[in-house]
Amino acid sequence: METVLTSLDSSKPSNNNIGAPASNGCVSTVQDSHHHPMAAPDATLGRHLARRLVQIGIEDVFSVPGDFNLTLLDHLIAEPGLKNIGCCNELNAGYAADGYARARGVGACVVTFTVGGLSVLNAIAGAYSENLPVICIVGGPNTNDYGTNRILHHTIGLPDFSQEFRCFQTAIVNNLEDAHEQIDRAISTALKESKPVYISISCNLPGIPHPTFTRDPIPFALSPRLSNKRGLDAAVDAAAAFLNKSVKPVMIGGPKLRVAKACSAFVELADACGYAMAVMPSAKGIVPEHHPHFIGTYWGAVGTPFCGEIVESADAYIFAGPIFNDYSSVGYSLLLKKEKAIIVQPDRVVIGNGPAFGCVLMKDFLQELAKKVKKNTTAFENYKRIYVPEGVPVKSEPKEPLRVNVLLQHIQKMLSGETAVIAETGDSWFNCQKLKLPEGCGYEFQMQYGSIGWSVGATLGYAQSVPKKRVIACIGDGSFQVTAQDVSTMIRCEQKSIIFLINNGGYTIEVEIHDGPYNVIKNWNYTGLVDAICNGEGNCWTTKVYCEEELISAIETANGEKKDCLCFIEVIVHKDDTSKELLEWGSRVSSANSRPPNPQ
C-alpha cells in the first residue's frame, strides 16, 4: 500500500501495570489541546478529515462500526456533505469504496482496528492492483496505549499490536500537532499515485478541538505533474519516426489510461493517425467503442473476432497503459514482438528494444504525438476487408432452457448512456466483453486481482457514486455466495440496480482451468435469500427465469413497473453452459499453470 510512513510522536508511559491507566501524564496531545482556547468547537480532527474527503469529491463513506472508530464516525456523519453507508462487513465496504472510486475518481471506507483493518485488506489489495485511490480510514488505539506493552482487544493477543500496521504502510495519527499534515500527505499520495492509503486515527482524538483544524481549512490542492520537456520532445520524435516508417500500425488502449488521465489524449491520437484501434480486456469501458476505427478487444485467441489477427500482423503497435499478465496474455500466448512495440506507461515511454524515456507523462506524449504522426489507415482498411459480422444465437424453442448467449443478447438491448455494466470474475468476464457499449455506458470488472465476490460490493459503491445511471451486474452464483450480504445495503440505500444472478451450480471458470469436486457448490434459493434480506422493508423485486420467454418478461418488468426497484433476476442455466472463449482461455491458462519446474 502506497503512502507515507510517519513516526509515532507520543511519549511512552512508564506504568506497565496490567489494566491500569498510564499515570505519568504522558498524553501531551490531549493535555496540550486544553491550552488552545482559540480552537472552535467543531475545529476537530474528525471534522477536518470529513471536510477533506468532501473537498476531493467524496460524498459517501462505506463503513463498519467498531469501538475504536465510533467517535470518529460521529464526526464524519456530522459533516453536511458526507453520508455514511453502513456495510455488512469490511470486505464489502472495501469493495464498495473500490467501485465508488472507479466512477468518482476516489473512494473511502472506515473500519475498526485490526479486526476491521485485516478484514478489509483483501479489498484494498484489489484496489492497489487496479490503481484505484481508496482511502482506508481505521479507528486506532487510544494514544495512551502506544508503547505500553499492554495487550489490547482486537489483536492477536501479543503486547505488540502492530500486526495491522505491518500489512500496510501507514499514516498513524496519534497526536494533534501534525495530524492535518499527515492526513493531507496521505490523501495527496492516494490521488497522485492512484493507489490506496491507510490512515489510522487514535480513538481518543477525533473530537478534541485544536487550532490547526480551522472551520474553513485551506482548500485541498495538488501540484500538477509535468513532463520533462526535452525528454518529451525526444520521445515524440523517436516514436513518430518509428511509426511513420511502418506500413500497417495499430494502437491498443490499456487499463492505465485511467490512471494517467489520458483517455481523451488517446482518442486525439486515434483521430489524427487513422490507425485501427483496439482495447485490452481490462480497459473495456475506458476506450470509446463508438469510435469509427474501433475494432474490438485485443485478448489474443479469445478476443473479438478479427481483432487479434489485425493487431498481431501489424508491423508496429503502440500500447498505451498496458498490463501484461498471465490472464490478459491468455497464458502467455500473445503473438507480439517487443521490437515492434511502443509501450507508453503513465510516466515512461519505451520504443522497441530501446530507447526508453522517463519523466514523460502519457497524456502529454499522446497529445504531442498526434501532431507529428502521419495518417495511416492501412490496418483499419485490412480489418474492413476481412471482417465478417458476428452471428446471433440460435433462436430458442418455446420454453427451451435458457442459454447464457441468449441472456447476453437481451442485456445488450438494455444498454444505453444511462446504464453501466459490472462483470464479476468468471465467465461473465468473457460474455460481457462481447457487449457493445453505447456512448456513455460504463463498464467495470476486476481483471488484475480477480477476487470472486468483488462485484457485490463494487455494484453497491458504483451505484452510490453515479445515482443517475442504472447499474446492470452479471454475477455468478459462486461469487455471490462470498459477499451476498450487502444486497441489504443496496436496498437500504434505495438503489435501482439490476442484478442478473447466473445460477449454474459452481465455479465455472475454475472448472475450465482444472475441474474437481471442490468446484461444485451448494445450491441456494437465491431469490428467497434476497426476499428474506429485504424482509418487507425497502424496494426490492426478485424473480427466477428458466427460459427466454420468462427472461423477456422479467426485463420488461424491471424496466417498467419495477424501474424504481432493486431488481434481482436469478437466471437458471446448465452447469456446462460456458462461452467458447472461456473454454479456450481455460485450457491455455491451465497449460501455463502446469508448466514443469525449470531444470536447476
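The values are calculated or read from the model by the stated rules, or taken from the named source; none is laboratory data. Only a predicted model underlies this, so the values are computations on that prediction, with no experimental measurement involved. Cβ: placed from backbone, ideal geometry, glycine included. Neighbour counts: every protein chain shown. The protein model used for the area step is the full one, side chains on, heavy atoms only, and it has no ligands, DNA or RNA in it. Shrake-Rupley method; radii C 1.70, N 1.55, O 1.52, S 1.80 Å.
Remarks
- The set of residues in the stretch 162-179 being over 21 Å from T212 (Cα atoms) and either in contact (Cβ under 8 Å) with a residue 24 or more places away in the chain or open to solvent by less than 40 Å² (accessible area, probe 1.4 Å) (or both) consists of S162, Q163, E164, F165, C167, F168, Q169, T170.
- Members of the stretch 124-161 that are touching a Lys or Arg at 6+ places or on another chain (Cβ under 7 Å) and without any contact (Cβ under 8 Å) to a residue 24 or more places away in the chain: P159
Here's the yes/no breakdown for (1) assigned by the TED database to the domain that holds P133; (2) open to solvent by less than 10 Å² (accessible area, probe 1.4 Å); (3) in contact with a helix residue (DSSP H, G or I) (Cβ under 6 Å, 6 or more places away or on another chain); (4) at pLDDT 95 or above:
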| site | (1), (2), (3), (4) |
| --- | --- |
| I252 | no, yes, no, yes |
| R258 | no, no, no, yes |
| A262 | no, yes, yes, yes |
| L269 | no, yes, yes, yes |
| A278 | no, yes, yes, yes |
| V287 | no, yes, no, no |
| Y298 | no, yes, yes, yes |
| V311 | no, yes, no, yes |
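- Cβ pairs under 7 Å, 6+ apart, first in the stretch 219-234 and at pLDDT 90 or above, second not in a loop (DSSP other than H, G, I, E, B): S227/D364; G231/F357; G231/G358; L232/D364; L232/F365; L232/E368; A234/F357
- Of the residues in the stretch 374-391, none is without any contact (Cβ under 8 Å) to a residue 40 or more places away in the chain, touching a Pro at 6+ places or on another chain (Cβ under 9 Å) and under 30 Å from S590 (Cα atoms).
- Scan of the stretch 116-140 for residues that are under 16 Å from A171 (Cα atoms) and in contact with a Leu (Cβ under 6 Å, 6 or more places away or on another chain), ordered by number: P133, G139
- Taking the stretch 73-156 as the region of interest, the helices (runs of 4 or more DSSP H) fully inside it that hold 2 or more residues being of a type in the set (K, R) and under 25 Å from I491 (Cα atoms) are 90-104.
Residues checked against (1) modelled with pLDDT of 95 or more; (2) assigned to a helix (DSSP H, G or I); (3) not charged (D, E, K, R):
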site	(1), (2), (3)
S333	no, no, yes
F357	yes, no, yes
L366	yes, yes, yes
L369	yes, yes, yes
E381	yes, yes, no
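- The residues of the stretch 36-47 that are in contact with a Ser or Thr (Cβ under 8 Å, 6 or more places away or on another chain) and either open to solvent by less than 10 Å² (accessible area, probe 1.4 Å) or of a type in the set (D, E, K, R) (or both), listed by number, are A43, G46.
- Looking only at residues of the stretch 449-479 that are open to solvent by less than 20 Å² (accessible area, probe 1.4 Å) and in a loop (DSSP other than H, G, I, E, B), we find that the one that is nearest to V571 (Cα to Cα) is G453.
- Leading residue by the ranking (least open to solvent (accessible area, probe 1.4 Å)) among those in the stretch 360-391 that are more than 30 Å from the chain's Cα centre (by Cα) and among the polar types (S, T, N, Q): N376
- Considering residues of the stretch 392-419 that are assigned to a helix (DSSP H, G or I) and open to solvent by 70 Å² or more (accessible area, probe 1.4 Å) only, the residue farthest from S329 (Cα to Cα): K413
- Any chance L121 is under 30 Å from the mean Cα position of the chain (by Cα) and at pLDDT 85 or above: yes
- Restricting D577, D515 to residues that are in contact with a helix residue (DSSP H, G or I) (Cβ under 7 Å, 6 or more places away or on another chain), part of a loop (DSSP other than H, G, I, E, B) and over 30 Å from T489 (Cα atoms) narrows the list to D577.
- Count of residues meeting criterion [at pLDDT below 95 and in a strand (DSSP E or B)] in the stretch 420-444: 0
- A residue that is of a type in the set (D, E, K, R), assigned to a helix (DSSP H, G or I), at negative phi and open to solvent by 10 Å² or more (accessible area, probe 1.4 Å) occurs nowhere in the stretch 558-570.
- The residues of the stretch 25-68 include none that are modelled with pLDDT of 95 or more, polar (S, T, N, Q) and in a helix (DSSP H, G or I).
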